[in-house]
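Reviewing the structure listed below.
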Amino acid sequence: MTRQIQDKLIYNNEEHYLNDELLEYRIREHPHLATKVSGGFTACWRGYVATYEIKNFELLLKEVSLIHSEEENEKDIFLNGLFNDLKKQKLTWLNCIIVLYKNKIIGEFNIPELNSYEEYELLEIKNGNLTDFKILSQDEYRQFKEEQYACFINSEDYEICKNKFIDSNVKYNEHEKTYLSKSKWKQFIFNEGNFKEMVKDDILYYTKKFYQANFKNDHH
C-alpha cells in the first residue's frame, strides 16, 4: 500500500506529523462529505492534506489543500459540510486520543507506532477541546495501553463499538451478496476473540477518552 501523505498538527509551537486523519472521523460517519477527488491519488486517498493547530485548548483546522481539485468552489463545499462556523473551523464533533511521538530511538518503519520513542504525548480531545494530556515514557506508554484496553472492554463504550462493528459488517456482506457474485459471498460470523485482539492492537484508535489517570501530567 502506498504511503499516505500525512496531516500535521501545530501544538506548543511545534509541528507534528500525525498518524491519524482527523477529518475522516466525521467523513466516515457522513460519506457524502468526502471530497469529489477522494480516491483519485494513491498517495492521498482522502483527497486533501490538512494542517491543524491547538490554540487556547481548542482543536482548529488551520488550512486544507485539496488534491487535483478542478472546481473553484470545491473547497468551500467541502468545508461547509464539515463546519458550522467557517471562520473558526473548530472540530466540535471530534472525540479521540491523538498520539504525538517524540525522539525516535529504534526503528525505520513508516508507521510510527511500530518504532520506539523516548516520549509519547497523548492528547485527549472532547468535542474539539483539549481536555487532558499525558507525557509517557516508552514503558509507561505500553502500560497505559494495556490498562486502557482492560478498562475499555469492561465499559458500555465497548458494547457500542462491538455492535457498530457487527452492524457495519453485516450490511457490507448483504451488499456483497446482493450485487456481486453470490458464489464469493460468505455470511458474516462475528468472532469476539478476534475482535478483541483487533481492538487491543489499535486501542488508542478505538477509545475516545482516557479511562484512568495513573500517570502525572507534565506541563510544558
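Tabulated results
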{"quantity": "Leading residue by the ranking (modelled with the lowest pLDDT) among those in the stretch 154-186 that are more than 17 Å from Tyr205 (Cα to Cα) and touching a Lys or Arg at 6+ places or on another chain (Cβ under 8 Å)", "calculated": "Trp185"}
{"quantity": "All positions within the stretch 48-90 that are farther than 12 Å from Leu23 by Cβ and hydroxyl-bearing (Ser, Thr, Tyr)", "calculated": "Ser65, Ser69"}
{"quantity": "Counted residues, the stretch 7-23 - those being surrounded by 15 or more Cβ atoms within 10 Å (Cβ to Cβ) and not in a loop (DSSP other than H, G, I, E, B)", "calculated": "5"}
{"quantity": "Given (1) at pLDDT below 95; (2) under 25 Å from Glu113 (Cα atoms), index of the condition Asp85 fails", "calculated": "(2)"}
{"quantity": "Test: residue in the stretch 123-140 that is among the hydrophobic types (A, V, I, L, M, F, W, C), within 19 Å of Asp7 (Cβ to Cβ), in contact with a helix residue (DSSP H, G or I) (Cβ under 9 Å, 6 or more places away or on another chain) and assigned to a strand (DSSP E or B)", "calculated": "no"}
{"quantity": "Out of Leu100, Leu79, sole residue that is crowded, with 19+ Cβ neighbours inside 10 Å and at pLDDT 90 or above", "calculated": "Leu100"}
{"quantity": "Qualifying residue in the stretch 104-114 (condition: part of a strand (DSSP E or B) and within 22 Å of Tyr205 (Cβ to Cβ))", "calculated": "yes"}
{"quantity": "Any chance Ile125 is among the hydrophobic types (A, V, I, L, M, F, W, C), in contact with a Cys (Cβ under 7 Å, 6 or more places away or on another chain) and in contact (Cβ under 8 Å) with a residue 60 or more places away in the chain", "calculated": "yes"}
{"quantity": "Boolean, Ile97 is within 16 Å of the chain's Cα centre (by Cα) and assigned to a helix (DSSP H, G or I)", "calculated": "no"}
{"quantity": "Residue check, Phe215 at pLDDT below 70 and closer than 27 Å to Leu9 by Cα", "calculated": "yes"}
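The values are calculated or read from the model by the stated rules, or taken from the named source; none is laboratory data. Note that the structure is predicted; figures quoted are calculated from it, not measured. FYI the Cβ positions are ideal-geometry reconstructions off the backbone, even for glycines, and counts take in every protein chain you see.
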